[in-house]
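Report on the structure given below.
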Amino acid sequence: QVQLVESGGGLVQAGGSLRLSCAVSGSTSRFNHMGWYRQAPGKQREWVAGITGSGSTNYADSVKGRFTITRDNAKNTVYLQMNGLKPEDTGVYYCNASTIFSDYWGQGTQVTVSS
């Protein structure tokens, strides 16, 4: 059973930074792709950033240049460094891990950015 556990969320003022972590039970190297999504109140869940097994990264336009996704296969953890936070970044952030056969989600961590 794969488990993903996010942490690192919290309340921060606009312009501040947070680093989210996603700890994965078992090896992260088996996942073709890992990513972060977020869901703001009253809105659909949206993709934020992704990283492949080879380390290639992609970002939503809304976070490009501010957020950085990394993965540490030795620690079975994926990170999302968030700088220059804006109130519109507020939401529940979810970690995702996928193979060609399966898709896994964490329970989410709340990020609140005050203006």
In region 71-99, anything of a type outside the set (Gly, Ala, Ser) and over 20 Å from residue 3 (Cβ atoms) is listed as 81, 82, 83, 85, 86, 87, 88, 89, 90
Considering residues that are farther than 19 Å from residue 67 by Cβ, in contact with a Gly (Cβ under 9 Å, 6 or more places away or on another chain), open to solvent by 50 Å² or more (accessible area, probe 1.4 Å) and not in a helix (DSSP H, G or I), the number found within region 25-42 is 2
(message) Being in a strand (DSSP E or B), farther than 23 Å from residue 27 by Cβ and modelled with pLDDT of 95 or more is the requirement here; does residue 111 meet it?
(response) yes
Reported set for region 1-24 where residues are within 18 Å of residue 74 (Cβ to Cβ), open to solvent by less than 40 Å² (accessible area, probe 1.4 Å) and not aliphatic (A, V, I, L, M) is 21, 22
(1) more than 27 Å from residue 1 (Cβ to Cβ); (2) touching a residue at least 24 places away in the same chain (Cβ under 8 Å); (3) not charged (D, E, K, R) all hold for residue 44 apart from (2)
Within region 43-102, of all residues that are β-branched (Val, Ile, Thr), assigned to a loop (DSSP other than H, G, I, E, B) and farther than 23 Å from residue 14 by Cα, the one least open to solvent (accessible area, probe 1.4 Å) is 99
Residue pairs qualifying under the 8 Å Cβ cut-off, at least six apart or on distinct chains, with the first in region 52-73 being over 20 Å from residue 88 (Cβ atoms) and the second being in a loop (DSSP other than H, G, I, E, B), are 52/32; 53/31; 53/32; 71/55; 73/27
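The values are calculated or read from the model by the stated rules, or taken from the named source; none is laboratory data. All figures in this text were calculated on a predicted structure; none of them were measured in a lab. Ideal geometry is used to build each Cβ from the backbone, glycine not excepted, and the neighbour counts take in all protein chains shown. Just so you know, the surface numbers come from the protein's heavy atoms only, side chains and all, with ligands and any DNA or RNA stripped out. Shrake-Rupley method; radii C 1.70, N 1.55, O 1.52, S 1.80 Å.
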